[in-house]
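Readers should treat all values here as calculations from the given coordinates under stated rules, not as data from a laboratory. Keep in mind that this is a model prediction, so the values were computed, not measured.
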């Protein structure tokens, strides 16, 4: 019975270790600016790669708010080719935690929409 309990505890510890390690891997489709002064214009470029076997066309790039602008450097990607999705966020009028989204729409039925996320904590200047 003692061996079963020890085996169970070891299995549980191994399970926790693998889950903790996975949670520390950054999501390439998410960017956190951290603390920023309210009113700052923040910019980030996401890398978008065509991982399909066909030419992938970006049909549009949309954002969740008028405070965020985004565009793709290239609209047509050959297999394995990458482009940058440039995002600009105006933090004017925001205070506290902010999360905005960028939606890249493609002509591929299996990959119709790819979502990118930007986050920030807007603080009053001087805090």
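Assorted remarks:
- Net length gained if the chain between residue 112 and residue 29 were fully extended (0.36 nm per residue, minus Cα distance): 28.3 nm
- Approximate shape of the range 28-123 as ellipsoid semi-axes (Cα gyration tensor, √5λ), whole Å, largest first: 28, 11, 10
- Beta bridges per DSSP with both ends in the range 28-123, % antiparallel, nearest 5: 85
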